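To start, the structure under review is shown below, and the notes come after it.
The values are calculated or read from the model by the stated rules, or taken from the named source; none is laboratory data. Note that the structure is predicted; figures quoted are calculated from it, not measured. Neighbour counts run over all protein chains shown; Cβ positions are idealised from the backbone, glycine included. Protein only, heavy atoms only, side chains kept; ligands, DNA and RNA dropped before computing areas. Shrake-Rupley method; radii C 1.70, N 1.55, O 1.52, S 1.80 Å.
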Amino acid sequence: MRTLLIAGNWKMNMGPKETADFFAQLDDAAQKEITGVEAAVCPPFASLSSAFSSRKAGSAVKIGAQNVHFEDNGAYTGEISTTMLNELGCDFVILGHSERREYFSEDDAIINKKVKKALADGITPIVCVGEVLSERKENRHFDVVKEQIAGSLAGLSEADVKKIVIAYEPVWAIGTGETASPEQAQEMHAFIRKELVGLVGQSTADTVRILYGGSMKPGNADELLRQPDVDGGLIGGASLKPSDFSQLVSIAAGQE
Ligand code: PEP
């Protein structure tokens, strides 16, 4: 019912040349012959043009950005607009990543503006939510995620919610090698879907893809992706290696 999405978040890694090398090394199975799964990579802004020009002809790998501003254009030094991302051909934009929340002071209100802007301009937002370790230890993880969902999706219509992708990324599992167990992931994904049901009703909530992110790699992806409410992965470290990315795409394709 929901097509799995494997999306790579390259963060501040992979310049234009490394990006070209990535696509040169990525095998056809993960690039041209993908069936039953959607794949995307999100390079840094400086490497987006390289990604578009070095993707093989006929490649099914989509390309996204890691952030965008909520205004059309103007005096916002260092920022990038949806118009620019559209001109390049970006399909996705990652919004609300925990690193943006922590190091760039993005809160749910800012993320909400960005989500609305991306949707208005036809770019699919991948909206990230997730608790830090202390919040999980204090058993507050459901409350934290509930608030992030409510804040970042505030004011969206049912039609808008249908278009978004959510990524549940427990912050304690990002780049740490520690992964949420399949049961922990499923529990939170089911909770997020229940929150969506409250916002937009069951039939729309059932269409929204909820990705898991946090040290997903070929060795643990299968079990995570088997969970009924885990609809793909947002992958940092493992998405930088063409062979790992390729394996992740084929593991997801095998879940059909
Ligand atoms: C991420 O930052 O979105 C992420 C999931 O990173 P990693 O896979 O490296 O934990």
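GNM remark for the chain: springs join alpha carbons under 10 Å apart, and the peak mean-square fluctuation among Ala185, Ala238, Ala57 falls on Ala57. Overall, the anisotropy analysis places the range 1-61 in the oblate class: the square-rooted eigenvalues a ≥ b ≥ c of its C-alpha gyration tensor yield a/c not less than 1.5, with a/b not exceeding b/c. Atom-type composition of the exposed protein surface of the range 4-252 places 51 percent of the accessible area on carbon and sulfur (1.4 angstrom probe). Across the range 25-41, the residues whose backbone nitrogen lies under 15 Å from the label position 7 Å along the beta-carbon direction of Ala57 are 32. Among the trypsin sites (Lys or Arg not before Pro) in the range 162-256, those located in a DSSP loop and surrounded by at most 14 other Cβ atoms within 10 Å of their own Cβ are Arg226. Placing +1 on each Lys and Arg Cβ and -1 on each Asp and Glu Cβ, with no other charges, gives the chain a dipole about its Cα centre of roughly 280 debye. Under the criterion of Cα pairs below 8 Å and six or more residues apart, the relative contact order for the chain equals 23 percent. Approximating the spin labels as points 7 Å out from Cα along Cα→Cβ, the Ala120-to-Ala150 distance works out to 2.5 nm. Taking 0.36 nm per residue of sequence separation and removing the Cα-Cα distance, the Lys194/Asp107 pair yields an extension gain of 29.1 nm. Between Asn73 and Glu87, full extension at 0.36 nm per residue minus the direct alpha carbon distance yields a gain of 3.7 nm. Partners of Lys113 within straight-line reach, counting lysines whose Cα lies under 27 Å from its Cα and excluding those fewer than 8 residues away in the same chain: Lys11, Lys62, Lys146, Lys162, Lys163, Lys194. Beta bridges assigned by DSSP with both partners in the range 4-252 are antiparallel in approximately 0 percent of cases.
For Lys217, the lysines whose Cα comes closer than 16 Å to its Cα, not counting residues fewer than 8 places off in the same chain, are Lys241.
The ellipsoid equivalent to the alpha-carbon distribution of the chain has semi-axes of 25, 22, 17 angstrom, derived from the gyration tensor eigenvalues as √(5λ) and listed largest first. Under the simplified labelling scheme, the Lys162-Leu133 pair shows an inter-label distance of 4.3 nm, with each label point 7 Å from Cα along Cα→Cβ. Average accessible surface for the chain: 43 Å² per residue, computed with a 1.4 Å probe over protein heavy atoms with every protein chain in place. Each Lys or Arg adds one and each Asp or Glu subtracts one; over the other residues with Cβ under 12 Å from the Cβ of Ala167, this totals -1.
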